[in-house]
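Written out below as structure tokens is the structure these notes cover.
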Amino acid sequence: MAHDKRYTNQEFKIVGTRPPRPDGLDKVTGRAKYGADTFAPGQLDGLILRSPHAHAKIKNINTSRAEKLKGVKAVITSDDLPDLTNGNRGMFDILENCMARGRALYDGHAVAAVAAIDAETARRAVKLIKVDYEILPHVTDVDEAMKPDAPIVQPHVRTSGVEPKPRKASNVSQVSEFGHGDVDAGFKEADVIVEKSYKTEQTHQGYIEPHACLASVGPDGQGELWVTTQGHFFFRNTCAALLGMDVAKLKVTASEIGGGFGGKTHVWMEPVALALSRKANRPVKLVMSREEVFRASGPTCSTSVDVKIGAKKDGTITAALATLRYQNGPFPAVWAMLGAMTSWACYDLKNVKSVGYDVLVNRPKVAAYRAPSAPMAAFAVESTIDQVAARIGMDPVDFRIKNAAREGTRASYGPTYGPIGIGPTLEAVKNHPHMKARLGKNQGRGMACGFWFNFGGQTCVDLNIGIDGTVTLTVGTVDVGGSRASLCLIAAEELGIAYERVRCHVADTASLGHNDTTEGSRGTFSSGMAAIFAARDAIAILRDRAAKTWEIDVEDVAWEAGNAIAKGVAHGNLAPLTLEELAAASPNTGGPIAGHNEVVADGAGVSFASHICDVEVDPETGATKVIRYTVIQDAGKAIHPDYVEGQFQGGAAQGIGWALNEEYVYGEDGRLQNPGFLDYRIPDCSDLPYIDTQILEIPNPNHPYGVRGVGATSIVPPLAAIGNAVSNAAGVRMTHVPMSPPRILKAIKDEQLDIAAD
Amino acid sequence: MRYEAPATTREAATLMARAKGSAFLLAGGTDLLVRMKIGLVEPDLIVDIKHIPAMQAIKRSAAGFRIGAGVPAVAMGENAALKKAWPGVVEAANLIGSDQIQSRCTIVGNLCNASPAADTVPAMVAAGAKVAIVGPRGRRTVAVEKVVTGPGVTSLKKGEIVEAITLPRRPPKSGDAYLRFIPRTEMDIAVVGAAVSLTLGAKGVVKQARVTLGAVAPTVVLVPAAAKAIVGTKLEKDALAELAAACAAACSPIDDMRGTIEFRTEVAGVLARRAAKIAYQRAGGK
Amino acid sequence: MLEVNFSGSFRDAVDGAASISIEAATIRELLRKLVERYPRMQSHVEDGVAVSINGEIFRDSWGEAIPAGAEVFVLPRIRGG
Amino acid sequence: MSGVHVSTTINGDPAEFVCPPGETLLDALRNRLGLTGAKEGCGTGDCGACSVIVDGRLVCSCLVLGAEVEGREVNTVEGLANGDTLHPLQTKFIEHAALQCGICTPGFLIAAKALLDRNPDPSEVEIRYALAGNLCRCTGYDKIVRAVDAAAKEVRKEVRKEARKKRR
């Protein structure tokens, strides 16, 4: 049935409160079951052998000694994962990333796998597999990979998006251009032009739970997969296709997920676990070590970006140009394109252009990471914006407000905006006490803006009313950060009952229709929309049951505050029927009462954030300390404010780590040097201050409650906000992320030399 | 693989001496278990020394302090007398890792792991610590700086076990301090470390000093020139500048993922200067 | 008649045009006619496209009606984290 | 390879298991005793997700051999609640939304308990440094620190109550 998706501007009774989450108790008592927390009878331990080389031809793999080892039940190579993708290059790339096919494309690329009776036997078996490599020249740096003489990562790739279509293979897989107006003309009008180049290093989502799954496939072609994932329906479809199974015969259950941030939207090793299980005819548990997570499960891109901005003395930006080079790992993707689309989204620009170059290198396949591609573009753009403001002697906040996009602005990536929140977040920054707080010695303040599209997608929800009137809400979007609590609030709001009367569960793939992956901040937006419609669906049935009970026309029955009400003088004497009464009577009024909804939740509202931070820099060592941090973001409508704040704070913390210390370090040999939490430095509790938040609510017109996604955007501004703060504290402009102490100290020293030279 | 938990140092030494294949001592295990996890070592024998009474205690005597090889760093922080006498050595020990690591890691393990970046070694060398070694051919005692001969390499012979570290008795008006540089506030390996131990004479003038640096050379560096720069001074500005310069001159670091040659050399002097000031204050200097 | 705009990454598929005129009442009809006229759009449509109608981005609702004179952009399908 | 027989006490109850000499306490707890509350986030002592308390000391169970806990007292998140009464830390973590994905929560609860056991009145800085060995990637630590601070107040109340009882 069709539903009205428009914002209804209703008064909320329950939405917006902060009740305890339904899965809270299990998670504070150790009962919650994550990817590695389940066991099956006869279970084997799986282990993957990975390439130590960045780029190598696999001449031969000898598994005979491993197969002979006592306790080994299966050994597989790419021969056990035949290519069933019939020409679908995207699927083939997923297959090749799961298990190398003749070529190892990066340090950590899987080349073989074993399943054995215990972990120790599996370890010994892997050591017995003999792989004969022919080492090939490799390239890991994005700018190096674009040079004409660079080693070619994928000989089949021809650059798309350029005319005429190239004949020669290239590491540039795609060129994408966005924008409007005439930037050359715009730069001619400018009084001031600032042009600068930036680099950001590769970072990992850093979820604390490594990839883990328990796979079981039988000779009858039926299988089950228990896995930590952001999208078990997508995993089912992909694994079934790669293994030649029927989708209906593979049941995938999403475990509790120990963080994903985009990293668990991709299939990494699950097809290998299924193939091992199929070969051994035993359940196989496959769990990545932390080292494997870093070497072989997708980080985000390292990038190299040039930005040029021209402005008039009055603060009007006359032209904006960005050239973005994003490294994708060894498989073509669209990350630079996304960077090009997001780079200028915060601003109202007459002449704007951004060109993205997607580049292949010998590093792990790049995966989505929270607002993928936007933070690096924002670092370059927002850093340059501050420099332009300084050059024309204008306050950086006022400069942004003057050029901010608003309703009716044509976005740099094409469409015209509806109601949006960039202006309000900037006004909120201007009025925030943080901006007036006094700074101490060696301290600097910076701010920056960020944008993310958000989206909805395919969603399916069941709402079942129990005999006692309590409600089971069954969704198919994985709960990555408390969405079950938010969805209970929404169902309770619609039905007019208490939050405690609703329980939300995430269904396995056999129990509900397809749901898209929880990504792009869609979980609460889309399942919330479907929950609203499912509840309204159930209310229609409840009204019908009440009408039957009263023997009146259903048109005369209204649903108010959890009760069926008979309308009109004729029925004035009828006492309201509660949900409990209707549920209890349901066996005799037509059977179980349930609501259901399938929807493509399109029309997710774009979201904007502005961040403020104060940083102290030790001029003698380049050490930094974040003194104060404030996040201001438009949530559309905050369903459960605790978890909206949590998303704001978590995104900011990830951005702070990215800005200051996190980076993949590759050696000359193309091997990752820091595949662990010791030298891949995500922020500790003692590294951060309290992170203040301010939730703005500019309703999304395309959602009944005005909800926008909230998860992604908060990671976009921090790189630039910290960069601006550091340069204000240390008096040097940082153009290379992470701004680690050695980089900051070098910048300070170089600056001192320059001054001395002048 | 075998796991043994002997009750005496002798037994442990004998087990190690007779071991075929690779044998490792287990105290806190915060280095050994990590190396086992990432497959760097596959021990045939693990000898747990935490059941050897002589190695579990911090003993105070006329000669100073004796810290058993099995004593976790956290216990050093809990020992008021030790903390008062050697605050620099204790703060170095307490800087290693998290509270979780503190409950397990030992200064002897930190020493024998022979990492150039070990936190406690510069402090122990500055303090003039001695190492009590028990081996198949009996006991010997050596200066702490004699134990580590290169990255991952020690002068200990097969079957030799460090039983304890001894710190000398402290003359009055003495103080020591250790500072390290790490990118985060916790959990990192030192990029540079600097320790200063000094004793004041009349009118707060530095009478005797030892200055050491960590993570700027294959082994910890004792910098006599830096000590000389502050002896006879009250750490005036130029004395400290000379100290920093001497430290920078003594550095022969490497470029790696944790820091550059340039950075380590620059920051070594800065930290030594700051450590000297703290040690001076702790000695009662103003 | 609709004025349909293209972002950079699709322009080579529509012979470099920034925008074209096309008769379509729904997203489905628009995409069908696009592929008919520009066969190289086929692969893009298979990889996934998004269509924005008056600023609202649709990724999957091909049944969505396109009002006359609406602002229409054919965009790459966006991935999320 | 011959296994080591270990008799120990876990959350107050006697427990026995046989494990290979090189097996970590974490693997023994999870795979032999079914106590999966402690998680492996790194296996190298850098994330604290496997935190447990052994003889009153906070440790990473991934850096302890199973064989080492012979005759010792081990406390895990599964033993944190007292019967059907949650520990104040557990209550406050839920109240303050101090968890999102929850994978790091058992480790944080155990580390925070070790802190409050020795210092029931910690400052914000003391809380942050005591929890520095526990990585969380979801929350930015804000709500965790607030929850521990709130739980500390509860613990102090209980301590005072106990003291009063004793005086009577």
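The values are calculated or read from the model by the stated rules, or taken from the named source; none is laboratory data. The model shown is predicted, which means the values in this text are computed figures rather than measured ones. Cβ atoms come from the backbone with ideal geometry, glycine included; neighbour counts cover every protein chain shown.
Things to note:
- In the stretch B:95-114, residue nearest to B:A57 (Cα to Cα) [restricted to those that are in a helix (DSSP H, G or I) and within 11 Å of another protein chain (Cβ to nearest Cβ)]: B:Q102
- Pairing each residue of the stretch D:6-31 that is closer than 20 Å to B:D48 by Cα with any residue that is of a type in the set (S, T, Y) and crowded, with 16+ Cβ neighbours inside 10 Å, provided the two are 6+ apart or on different chains, yields C-beta distances under 6 Å for D:P21/B:Y3; D:L25/D:S61; D:L26/D:S61.
- Qualifying residue in the stretch B:209-227 (condition: at pLDDT 95 or above, in a helix (DSSP H, G or I) and under 29 Å from B:A62 (Cα atoms)): yes
- The listed residue being within 22 Å of A:T38 (Cα to Cα), surrounded by fewer than 24 Cβ atoms within 10 Å (Cβ to Cβ) and within 13 Å of chain A (Cβ to nearest Cβ), out of D:L29, D:L35: D:L35
- The test for being buried (at least 21 other Cβ atoms within 10 Å of the Cβ) and without any contact (Cβ under 8 Å) to a residue 60 or more places away in the chain does not hold for A:A601.
- Here the condition is being modelled with pLDDT of 95 or more and under 29 Å from A:A575 (Cβ atoms); of A:V557, A:V506, it holds for A:V557 alone.
- Yes/no for A:F294 being of a type in the set (F, W, Y), farther than 23 Å from A:T384 by Cα and away from chain D (no Cβ under 14 Å): no
- Counting only residues that are out of contact with any Ser or Thr (no Cβ under 8 Å at 6 or more places or on another chain), within 9 Å of chain A (Cβ to nearest Cβ) and of a type outside the set (V, I, T), the stretch C:47-66 holds 7 of them.
- Of note, A:V631 satisfies the criterion of being part of a strand (DSSP E or B) and either touching a residue at least 24 places away in the same chain (Cβ under 8 Å) or within 12 Å of chain D (Cβ to nearest Cβ) (or both).
- Of all residues making up the stretch D:60-85, the number that are outside any loop (DSSP other than H, G, I, E, B) and touching a residue at least 12 places away in the same chain (Cβ under 8 Å): 15
- A:V287 vs. criteria crowded, with 24+ Cβ neighbours inside 10 Å and among the hydrophobic types (A, V, I, L, M, F, W, C): no
- Just one of the numbered conditions (1) away from every other protein chain (no Cβ under 14 Å); (2) out of contact with any Gly (no Cβ under 6 Å at 6 or more places or on another chain) is not true of A:L463: (2).
- From the list A:A546, A:A594, A:A575, A:A540, the lone residue that is in a loop (DSSP other than H, G, I, E, B) and either without any contact (Cβ under 8 Å) to a residue 60 or more places away in the chain or surrounded by fewer than 21 Cβ atoms within 10 Å (Cβ to Cβ) (or both) is A:A575.
- Complete set of residues in the stretch D:101-128 that are free of Cβ contacts under 8 Å to residues at least 40 places away in the same chain, at the interface with chain A (Cβ under 7 Å from one of its Cβ atoms) and buried (at least 24 other Cβ atoms within 10 Å of the Cβ): D:C101, D:G102, D:T105, D:L109
- Of everything in the stretch B:12-28 that is within 22 Å of B:P72 (Cβ to Cβ) and either polar (S, T, N, Q) or out of contact with any strand residue (DSSP E or B) (no Cβ under 7 Å at 6 or more places or on another chain) (or both), the residue that is surrounded by the fewest Cβ atoms within 10 Å (Cβ to Cβ) is B:A27.
- Looking across the stretch A:312-348 at every residue that is in contact with a helix residue (DSSP H, G or I) (Cβ under 9 Å, 6 or more places away or on another chain) and of a type in the set (D, E, K, R), the one that is surrounded by the fewest Cβ atoms within 10 Å (Cβ to Cβ) is identified as A:D314.
- Of D:R30, D:R57, all but one fail to be of a type in the set (D, E, K, R) and within 14 Å of the chain's Cα centre (by Cα); the exception is D:R57.
- The stretch A:86-199 holds strands (runs of 3 or more DSSP E) entirely within its bounds, and those carrying 3 or more residues that are touching a residue at least 60 places away in the same chain (Cβ under 8 Å) and surrounded by fewer than 22 Cβ atoms within 10 Å (Cβ to Cβ) map to A:130-135, A:172-180.
- Across the stretch A:298-309, the qualifying residues are those that are under 19 Å from A:D182 (Cβ atoms) and surrounded by 24 or more Cβ atoms within 10 Å (Cβ to Cβ), and the one among them that is farthest from the chain's Cα centre (by Cα) is A:I309.
- Residue pairs meeting the criteria (Cβ under 8 Å; at least 6 apart or on separate chains; first more than 7 Å from chain A (Cβ to nearest Cβ), in the stretch D:86-100; second among the basic types (K, R)): D:H87/D:K113; D:L89/D:K113; D:H96/D:K143; D:H96/D:R146; D:A98/D:K92; D:A98/D:K143; D:A98/D:R146
- Condition check for B:T9: among the hydroxyl-bearing types (S, T, Y), under 19 Å from the mean Cα position of the chain (by Cα) and buried (at least 19 other Cβ atoms within 10 Å of the Cβ): no
- Residue within the stretch A:641-658 that is assigned to a loop (DSSP other than H, G, I, E, B), within 22 Å of the chain's Cα centre (by Cα) and at pLDDT 95 or above present: no
- Close contacts from the stretch A:606-627, counting a first residue that is under 30 Å from A:A405 (Cβ atoms) and a second that is acidic (D, E), with Cβ to Cβ under 6 Å and a gap of 6+ residues or different chains, come to A:S607/A:D634; A:F608/A:D634.
- Of residues in the stretch A:625-684 being out of contact with any helix residue (DSSP H, G or I) (no Cβ under 8 Å at 6 or more places or on another chain) and of a type in the set (A, V, I, L, M, F, W, C), the one surrounded by the fewest Cβ atoms within 10 Å (Cβ to Cβ): A:V665
- In the stretch A:286-311, the residues that are out of contact with any helix residue (DSSP H, G or I) (no Cβ under 7 Å at 6 or more places or on another chain) and assigned to a loop (DSSP other than H, G, I, E, B): A:M288, A:S289, A:S297, A:G298, A:P299, A:T300
- Residues of the stretch A:262-280 satisfying the condition of being out of contact with any helix residue (DSSP H, G or I) (no Cβ under 6 Å at 6 or more places or on another chain) and hydrophobic (A, V, I, L, M, F, W, C): A:W268, A:M269, A:A273, A:L276, A:A280
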